[in-house]
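Every number in this text was worked out from the coordinates using simple rules, so none of it is lab data. These figures come from a predicted structure and were not determined experimentally. Here the Cβ positions follow ideal geometry from the backbone for every residue, glycine too, while neighbour counts run over all protein chains shown.
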Amino acid sequence: MNINKNLATFFNVPQDIEKTKSNHGGTYDIANFQKDYDYVQQNLKNLVENGNNALENALKVATESDSPRAFEVVAILLKTMADLNNNVLDVHKKAKDLTGSKVEVKQTNNAVFVGSTKDLQNLLNKDRSTEKENCIDAEIVKDESK
């Protein structure tokens, strides 16, 4: 017996790894992803919050002691906090990339109001309207000719 077989029997590991590949690995589960995403997001927020507290205390120590090393620690902590904030944004970007969710922007072009300026003012700001009871209700017309 060679050393690999001895170690495999000692640690109860299969000797031929290729034969024991798992078929259930690598699948995407949205429920697990959401739990992991929430967990990572909460951890990063806690780290940022604790880092802000540590930064305030380190800054107090640095200003009171007037030590160059204390200011160096504050500078390193500032860099770490900036990296943590970037990590929060990276988690959002990676989650968006993995889930494939796209933000749709609705845009209205060529909106036309038919009426007088008095009617438009009454429509836009009903609190300052001169005709509080008789405000015009707007109707959205969708142009299907495009």
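Taking a sphere under 13 Å around the Cβ of residue 56 and counting the other residues whose Cβ falls inside, with K and R at +1 and D and E at -1, yields a net charge of -1.
Share of pairwise Cα-Cα distances greater than 18 Å in the range 30-99 is 49 percent (whole percent).
The modelled label-to-label distance for the pair residue 57/residue 86, using points 7 Å beyond Cα in the direction of Cβ, is 2.7 nm.
Counted residue by residue at 0.36 nm each, then reduced by the alpha carbon distance between them, the extension gain from residue 9 to residue 116 reaches 29.6 nm.
Computed from label points 7 Å out along Cα-Cβ, the spacing between residue 49 and residue 126 is 3.9 nm. Take every Cα pair under 8 Å whose residues are at least 6 apart in sequence, average their separation, divide by the length of the range 30-99, and the relative contact order is 39 percent. Residue-wise HN-Hα couplings along the range 78-90, as the Karplus relation 6.51 cos²θ - 1.76 cosθ + 1.60 with θ = phi - 60° gives them from phi, are 4, 5, 5, 5, 5, 5, 4, 5, 5, 5, 4, 5, 5 Hz; Gly and Pro carry x. Ordering 53, 80, 98 by Cα displacement along the dipole of the range 30-99 toward the positive end leaves 98 in first place; charges were set at the Cβ atoms of Lys, Arg (+1) and Asp, Glu (-1).
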